[in-house]
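Have a look at the structure below before the remarks.
The values are calculated or read from the model by the stated rules, or taken from the named source; none is laboratory data. Source: prediction; values computed, not measured. Ideal geometry is used to build each Cβ from the backbone, glycine not excepted, and the neighbour counts take in all protein chains shown. For accessibility, only protein heavy atoms count, side chains too; no ligands or nucleic acids. Shrake-Rupley method; radii C 1.70, N 1.55, O 1.52, S 1.80 Å.
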Amino acid sequence: MIRNERERKATAKQITTLTELIEGISRNRDPKDDWYDLKLRAVESQLADLEAELNAYTTLQSGSVTTMFGNGFNELPDLLIKARIARGWTQRDLAHRLGLSEARIQQYEASDYSGASLSRLSEVADALNIEIRETIHLKSVAAAG
């Protein structure tokens with residue numbers, strides 16, 4: 001996931017590089033190269049992944065996303081990052097609202113908030129002014145035997 005403008009720029013640069021690589025592979029096809037199709041598909045797959053990430057980031061930045069869904073507590077970090085981006089806030093903006101350093105927010109997001117306490121996650125959600133709805137479903141428990 002692209003988390004900030006620096007990562008967006010790096011992804012855009014990688015897309016340009018891969019596009020040029022695909023053009024070069026296509027232009028310099030060696031009929032004796034049994035691996036041609038495999039190499040081309042591998043690079044095209046990487047390109048598609050990066051383009052999807054860039055499109056997702058751009059969509060969030062557009063301000064058109066107001067609702068996001070997750071499938072469990074483990075997805076909360078991604079949702080918090082996406083909510084920040086959808087708000088149009090930088091990591092610096094969020095840090096300012098929380099009274100933290102930008103570097104701390106960068107660390108939290110780079111580690112998917114793995115070092116953050118539950119109360120810190122709640123503070124981030126409050127700062128972002130988001131509503132989180134929880135559903136708890138009790139799974140069946142196998143009988144102890």
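List of remarks:
- Checked against the criterion of being closer than 17 Å to Ile130 by Cβ and touching a Gly at 6+ places or on another chain (Cβ under 8 Å), the stretch 37-60 contains not a single residue that satisfies it.
- Inside the stretch 30-44, residues that are surrounded by 12 or more Cβ atoms within 10 Å (Cβ to Cβ) and not in a helix (DSSP H, G or I) make up a count of 1.
- Residue list for the stretch 1-50, restricted to those being small (Gly, Ala, Ser), more than 21 Å from Thr90 (Cβ to Cβ) and under 20 Å from the mean Cα position of the chain (by Cα): Ser45, Ala48
- Within the stretch 44-73, residues that are modelled with pLDDT of 95 or more reach partners that are open to solvent by 50 Å² or more (accessible area, probe 1.4 Å) and polar (S, T, N, Q) with beta carbons closer than 6 Å, at six or more positions or on different chains, in the pairs Leu50/Gln14.
- Residues located in the stretch 98-138, provided they are surrounded by fewer than 10 Cβ atoms within 10 Å (Cβ to Cβ) and under 15 Å from Lys82 (Cβ atoms): Asn129, Glu131
- The stretch 4-17 residues that are touching a residue at least 24 places away in the same chain (Cβ under 8 Å) and closer than 14 Å to Ala52 by Cα, paired with ones that are among the β-branched types (Val, Ile, Thr) and not in a helix (DSSP H, G or I) (beta carbon under 9 Å, 6 or more apart): Arg8/Ile2; Thr11/Ile2
- Considering only residues in the stretch 114-143 that are of a type in the set (Ser, Thr, Tyr) and in a loop (DSSP other than H, G, I, E, B), the one that is nearest to Leu76 (Cα to Cα) turns out to be Ser114.
- In this structure, Asp112 does satisfy being touching a Pro at 6+ places or on another chain (Cβ under 6 Å) and either in contact (Cβ under 8 Å) with a residue 60 or more places away in the chain or not basic (Lys, Arg) (or both).
- Residue in the stretch 46-62 that is of a type in the set (A, V, I, L, M) and surrounded by fewer than 15 Cβ atoms within 10 Å (Cβ to Cβ) present: yes
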